[in-house]
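The values are calculated or read from the model by the stated rules, or taken from the named source; none is laboratory data. Keep in mind that what you see is a predicted model, and the values were worked out from it rather than measured. Cβ placement follows ideal geometry from the backbone for every residue including glycine, while neighbour counts extend to all protein chains displayed. All accessible areas refer to the heavy atoms of the entire protein, side chains included, with ligands and DNA or RNA removed. Shrake-Rupley method; radii C 1.70, N 1.55, O 1.52, S 1.80 Å.
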Amino acid sequence: MNRLVLSASLLERSAVRYTPAGLPAIDCRLAHASTVTEDGQPRQVSLEIRALAIGAMSRPLGSLALGATALFAGFLASTRNGRGLLFHITELSADAESAPSSPDSPPAAPLPAPI
C-alpha cells in the first residue's frame with residue numbers, strides 16, 4: 001500500500017497550471033515537524049516535501065493560506081526525472097486534528113493510532 005498522511009504547513013504554492021489533459025494542477029512545498037517515538041526513544045523529526053494537487057484537489061489547496069497547517073493525505077511517486085519523490089495530494093483537511101477527505105468521497109474513516 002502506498003498511502004501517506006501528514007500534518008504539515010504550506011510553505012510555497014505555485015500558480016494554477018493545467019495538465020495536457022486540461023486538469024488544473026498546483027505544485028507546492030510542505031513542511032512538517034514533530035516528535036515521534038522510535039525504539040522507545042523520542043526523536044525530533046522535521047522535513048520538507050514537494051507536493052502536487054491535481055483536479056478537484058487544486059481548489060482547496062489553492063484556498064489554503066500560506067503558513068497554514070492542514071492534514072494532507074495521498075501517495076508518493078517518483079518525480080518525472082526519477083530524482084526524488086513527489087507527494088500527490090488526494091485528500092486535504094484544513095483542520096489538522098481531523099481526518100482528511102477528498103472532495104468527491106464520503107467522510108474518511110478515523111486515522112489509525114500511531115505505532
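Tally Lys and Arg at +1 and Asp and Glu at -1 over the other residues with C-beta under 13 Å from the C-beta of Cys28: what net charge comes out? Show your work: numbers first, answer last.
Working: positive: Arg13, Arg17, Arg29, Arg50; negative: Glu12, Asp27, Glu48.
For residues surrounding Cys28, the net value is +1.
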Notebook entry, point to check: Per residue and in cubic angstrom, what volume does the convex hull of the Cα atoms of region 11-58 have?
Noted result: 87 Å³
Note to self: Need the C-alpha centroid separation for region 35-84 versus region 1-24, integer Å.
What the structure shows: 9 Å
Notebook entry, point to check: Scattering from the C-alpha atoms of region 1-95 alone, worked out with Debye: what is log10 I(q)/I(0) at q = 0.24 1/Å?
Noted result: -1.32
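Quick one: length gained pulling Val16 to Arg29 fully straight, 0.36 nm per residue minus the C-alpha distance?
That works out to 3.3 nm of additional length.
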Checklist line | Sorted largest first, extent of region 28-84 alpha carbons per principal axis (Å) | finding: 41, 30, 16
Checklist line | Amide H within-cut-off set for Glu12, under 5 Å, with H built and near neighbours excluded | finding: Arg29
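Using a 1.4 Å probe on the protein chains only, how many percent of the accessible area of region 35-80 belongs to carbon and sulfur? Please list the in-between numbers first.
Details: 1420 of 2860 Å².
Here carbon and sulfur together make up 50 percent of the probe-accessible area.
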Note to self: If you count only protein heavy atoms with a 1.4 Å probe, what accessible area per residue comes out for region 1-100, rounded to a whole Å²?
What the structure shows: 61 Å²
